[in-house]
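Working notes, structure below.
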Amino acid sequence: MGRVKDYINEIDRRGWHDATGRFVCAECVHEKFLSALVSSLAEKDTCDFCQRSEKQPIAAPFSALLLRLAEVAMKRYGDVDRV
Ligand SMILES: [Zn+2]
């Protein structure tokens, strides 16, 4: 129960949640720094978006990509509750 409660608290803190559970590869992410992020976090050998598959991990959790995008947006535009 503690992990679920921690997850719910994390969702409340950041203001959004991902329910995808999908993995994305670097080739599906065209922005250079996000593509590098995906490569560094790759843990699955198949991309759920383009279905490309390799023998080594090529796909990172889509939630990790969303989290980084949210961090950048929050840094750039601030807290949306204050707009
Ligand atoms: Zn892909």
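The values are calculated or read from the model by the stated rules, or taken from the named source; none is laboratory data. Not measured: the values here are computed from a predicted model. Because the Cβ atoms are built from the backbone with ideal geometry, glycine has one as well, and the counts that use them run over all protein chains shown.
Here are the numbers for this structure:
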quantity: Members of the range 38-61 found to be assigned to a helix (DSSP H, G or I) and crowded, with 19+ Cβ neighbours inside 10 Å, listed by number; calculated: Val38
quantity: Matching residues in the range 56-72 - criterion: being polar (S, T, N, Q) and at pLDDT below 95; calculated: Ser63
quantity: Of the criteria (1) of a type in the set (Asp, Glu); (2) part of a helix (DSSP H, G or I); (3) modelled with pLDDT of 85 or more, which one Asp81 fails; calculated: (3)
quantity: Among the candidates Ser53, Ser35, Ser40, residue that is modelled with pLDDT of 90 or more and more than 14 Å from the ligand (Cβ to nearest atom); calculated: Ser40
quantity: Residue match in the range 2-22 (condition: within 16 Å of the ligand (Cβ to nearest atom), in contact with a strand residue (DSSP E or B) (Cβ under 6 Å, 6 or more places away or on another chain) and not acidic (Asp, Glu)); calculated: no
